[in-house]
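Only the coordinates and a few stated rules stand behind these numbers; no lab work does. For clarity, every value in this text was computed on a predicted model and none was experimentally measured. Here the Cβ is made from the backbone with ideal geometry for all residues, glycine too, and neighbour counts use every protein chain on show.
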Amino acid sequence: MRSCDVKKTKEERLIELMGGRERAAQWLAARHGGGGRNDCWRWLGGLSLSGYGKVHRKDGDAKIEGYAPRVAWVVANGRPVPPGTRVYRSCEWKDCVNPAHLDVRQVGRL
Ligand SMILES: [Zn+2]
């Protein structure tokens, strides 16, 4: 077991506040258009100014905001987004949250 004082990522904390991975998966499923395994699951909830699905939860007096694709990736993979990587989409829809279209890659250096 890992030590409990390891800092949780934003996505892990959001999932915890939703009641765990199972509940988070249900919550996400109620907020996207669904479709087949390889279809784009378009986000029906709030979007950021740049067009990505957003997720927020109250955490005591604070408010945690995250991106739906990142939360969807963490729920599907059962682990945090690895440090130094980003979640990328392989499809054309910014609001897609189908984990089959999401992958983590090292953040490129210019
Ligand atoms: Zn897609």
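Label Arg23 and Leu47 with points 7 Å out from Cα along Cα→Cβ: what is the distance between them in nm?
2.9 nm
How many nm separate the modelled label positions at Glu65 and Cys91, each set 7 Å beyond the Cα in the direction of the Cβ?
Between Glu65 and Cys91, the label points sit 2.5 nm apart.
Can you give the helix-only mean residue ellipticity at 222 nm for the chain, where every DSSP H stretch with n ≥ 4 adds -39500 (n - 2.57) and the sum goes over all residues, rounded to the nearest 500 deg cm²/dmol?
Result for the chain, helices only: -7000 deg cm²/dmol.
Quick one: compute the contact order of the chain, relative version, from alpha carbon pairs under 8 angstrom and 6+ residues apart, as a percent.
Once normalised by length, the contact order is 26 percent.
Give, rounded to the nearest 20 debye, the magnitude of the charge dipole that the stretch 3-106 has about its Cα centre when Lys and Arg contribute +1 at Cβ and Asp and Glu contribute -1 at Cβ.
80 debye
Can you give the Rg to Rh ratio of the chain, both from alpha-carbon atoms, with Rh computed by the Kirkwood formula?
0.96
Applying a 10 Å radius around every beta-carbon, put 24-33, 77-86 in order of their mean neighbour count, most first.
Order by mean packing, descending: 24-33, 77-86.
At q = 0.18, 0.19, 0.30 Å⁻¹, what is the base-10 log of I(q)/I(0) for the stretch 33-83 according to the Debye formula with one equal point scatterer per Cα and no solvent? Please give it to two decimals.
-0.71, -0.78, -1.16
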